[in-house]
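Encoded as structure tokens, the structure appears first; notes follow it.
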Amino acid sequence: MIETRHPAKTLIVWYWRGYVRRQLPLIILASVLMAAEGGALGALSYMVRPMFDDIFVAGDRAAVMWIALVVFGIFIGRAVAGFSQRVLMTVVARRVSAQLQRNLVHHMLKLDSGFFQANSPGKLIERVRGDTTAAAGILSNTFSAVGRDLVALVSLLGVALSVDVVWTLIAIAGAPVLYLPIRLLQNLVRKASRNAREAAARIATRLDEIFHGINTIKLNATDEYEAERFDREVENYVRAEVRTTAAQAGIPAMMDIIAAIGFFGVLAYGGLQIIDGEKTLGEFMSFFAAIALVFEPLRRLGQISGTWQTALVSLERLYTVFQQRPSITSPARPRPLAVPAREADLVFDDVHFAYGDQPVLRGASFRAEAGRTTALVGPSGAGKSTVFNILTRLVDPQSGRVSIGGTEVREMALEELRALFSVVSQDTQLFDETIRDNTLLGTEASEDALRAALDAAHVSDFVSRLPQGLDTPAGPRGSGLSGGQRQRVAIARALLRDTPILLLDEATSALDARSEAIVQEALERLSEGRTTLVIAHRLSTVRNADKIVVMDAGRVVDEGTHEELLARDGIYAGLYRLQFASEG
Ligand code: ADP
């Protein structure tokens, strides 16, 4: 969905307006310095003429000093200009890519979760890091080369033309012939570098999956298989990179062919004119120096077009991300809740939802009453988690009404809506921060409030045994804590948030009996006085629930209390025997 084609002009205008233009003062300053650096070449080749004609041929002793001083001055000036210009352009390129990275991440944070499902973390990481840097390559390399080399080119051609127009025409006669092959090479570079960027993204994706799935890989003994997959991706990447570089290198090679034709022609024609005394030695040497020097900037300018193609590919990939608009947004005129949040019923009315063309909810309807606990039960895949995602608007349903206290969730401001919920789920995400930061999650609770939440959630029990206490890092994705511990941190989080609505996804994953009891107790405390919707896997939960909603294949097929449902001997009774009965 992300790789659409955009014309280069669109991309460049976007990059220029959004990022480069604000660096204009620095760019102008750098350009002046670049021009000075480039112009120095023209000046040097110009100086070759008096050097030969006045000093070597005419033997003018007075000329030695001033010519030497002028040449000295040109070199010093070139050194200063070249150095400053490079530093300035690095500043510009870094600033531009940093700004692009910031904007990109801000933008991505607003996109729907569907976007992150369609684009793997590795791919996106590569986009934020690799593509922004590659795009800035236009500035640090290309920009300077154009500013400096174009001036060099013009000044050197000026010197050459001042010596002899016909010679100059002969020298560059090869250029038009090679125009087409160079265009072809440019297209090749663009294609090859697109492949290379894609291969880089696939490598990042593989790494991400390997590092996150390391235990699964070990347990299933698929390390060989994973290593082979990785090897293949690396090979692909190397191949794509070599192709890009080869195509890029082809362009300066073409320039050399132009140079070969030019030198051959000028020597054959001009050499004879000197022998015949039509031109001075100084004129020929000056011309020769100018043309010899002209091919270097010309070569670099030729290379630039390759860099441009590479950078355009990255720009395009960045641009398409910015083109993505979140579909889940606050309405233009959000409506507040009509009733106090703690008195608001949660209502699903004939809700249909599908992932692509796979239906998940097919007309689900139920009511979860304010201040009560409603248990969702049903076979796996019935759509229970989807109910949570729709309530919190991680996804929007295709049709039907989802309302809180009579206000449709879509009509509320997103922040206001999400501030109503705490979600404690099986796969609670902890971040690679301390337990304290993981609990606070950016809120500014007092130390006392934090303590109270940690105690109530039984986090204090295990934290007190950790050497660094609350300041112990939770590890990547919370991997330093056990499942039960992670869940307790999540409960403490929810207690601190103190929201009117609680969404619980009970763990099916094995907690040992002791930590299950602890978690259970903490959850009960948490749900007191809150409207609680719980995906239930435990007998005790369904028994204590005020209402049980039975889901199957995206529909609500029954509801009632535990006793009522058992008496009806429907799907719930079957589920009960299968799932809960062993708990006795
Ligand atoms: P439950 O919580 O009852 O086990 P879910 O609501 O998680 O069920 O999922 C319901 C259906 O939706 C399942 O068939 C699942 O395969 C599908 N599903 C869930 N998430 C996604 C997704 N991100 N993309 C595509 N299909 C999904």
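The values are calculated or read from the model by the stated rules, or taken from the named source; none is laboratory data. Computed from a predicted structure; not experimentally measured. For neighbour counting, all protein chains shown are included, and Cβ atoms are generated from backbone atoms with ideal geometry for every residue, glycine included. To get the accessible areas, we keep the full protein, side chains included, count just its heavy atoms, and leave off ligands, DNA and RNA. Shrake-Rupley method; radii C 1.70, N 1.55, O 1.52, S 1.80 Å.
Derived scalar couplings between HN and Hα for the range 205-211 equal 5, 4, 4, 4, 5, 4, 5 Hz in order, rounded to whole Hz, by the Karplus curve 6.51 cos²θ - 1.76 cosθ + 1.60 (θ = phi - 60°), x for Gly and Pro. The stretch between Glu343 and Glu447, if pulled fully straight at 0.36 nm per residue, gains 34.5 nm over its current Cα-Cα span. If the segment from Ser482 to Gln468 were pulled out straight at 0.36 nm per residue, it would be longer than the present Cα-Cα gap by 3.4 nm. Toward the positive end of the charge dipole of the range 8-323, with +1 on the Cβ of Lys and Arg and -1 on the Cβ of Asp and Glu, the farthest Cα among Thr310, Gly250, Thr216 is that of Thr216. The packing ranking of peptides 545-554, 220-229, highest mean first, is 545-554, 220-229, where packing means the average number of other beta carbon atoms within 10 angstrom of each residue. To the nearest ten degrees, helix 144-163 and the longest principal axis of the Cα atoms of the chain are 20 degrees apart.
May I ask you to derive the FRET efficiency for Phe211 and Ser327 from their Cβ-Cβ distance with R0 = 30 Å, giving the value to the nearest 0.05? Result of the calculation: an efficiency of 0.45. Among the protein heavy atoms of the range 8-323, carbon and sulfur supply 66% of the accessible surface, probe 1.4 Å, non-protein parts ignored. If you fit an axis through the alpha-carbon atoms of helix 223-275 and take the longest principal axis of the Cα set of the chain, what angle between them do you get, 0 to 90°, nearest 10? The two axes meet at around 20 degrees. Helix 447-456 and the longest principal axis of the C-alpha atoms of the chain enclose an angle of approximately 50°. Would you please state which residues of the range 203-230 a label at Ile125 would reach in this model, taking the label point 7 Å out along Cα→Cβ and a backbone N cut-off of under 14 Å? The answer is 203-214, whose backbone nitrogens lie closer than 14 Å to the label point. With θ taken as phi - 60° and the Karplus curve 6.51 cos²θ - 1.76 cosθ + 1.60 applied, the whole-hertz 3J(HN,Hα) list for the range 187-193 is 4, 4, 4, 4, 5, 5, 6 Hz, x standing for glycine and proline.
Note on Arg418 and Asn103: the extension gain reaches 111.0 nm, defined as 0.36 nm multiplied by sequence separation minus the Cα-Cα distance. Of the peptides 129-135, 235-241, the ranking by mean beta-carbon count within 10 Å, highest at the top, reads 129-135, 235-241. Note on the chain: helix-only mean residue ellipticity at 222 nm, from DSSP H runs of 4+ residues weighted -39500 (n - 2.57) and normalised by residue number, equals -20000 deg cm²/dmol.
Surface composition of the range 437-481: carbon and sulfur atoms hold 52% of the protein heavy-atom accessible area at a 1.4 Å probe.
Averaged per residue, the range 176-264 has 61 square angstrom of accessible surface, using a 1.4 angstrom probe with ligands and nucleic acids left out.
Report the calculated FRET efficiency for Ala227 and Gln358 (r = Cβ-Cβ distance, R0 = 45 Å), to the nearest 0.05. It comes to 0.85. Put a dot 7 Å past the Cα of Ser365, heading toward its Cβ, do the same for Lys9, and the two dots end up 5.6 nm apart. Positive-end ranking of Gln85, Leu33, His106 along the dipole of the range 1-143, with charges on Cβ about the Cα centre, is headed by His106.
Given +1 at the Cβ of Lys and Arg, -1 at the Cβ of Asp and Glu and no other charges, the dipole of the chain around its Cα centre is 1400 debye to the nearest 20. A simple spin-label model places the labels of Ala246 and Lys218 4.1 nm from each other, with each point 7 Å out along Cα-to-Cβ.
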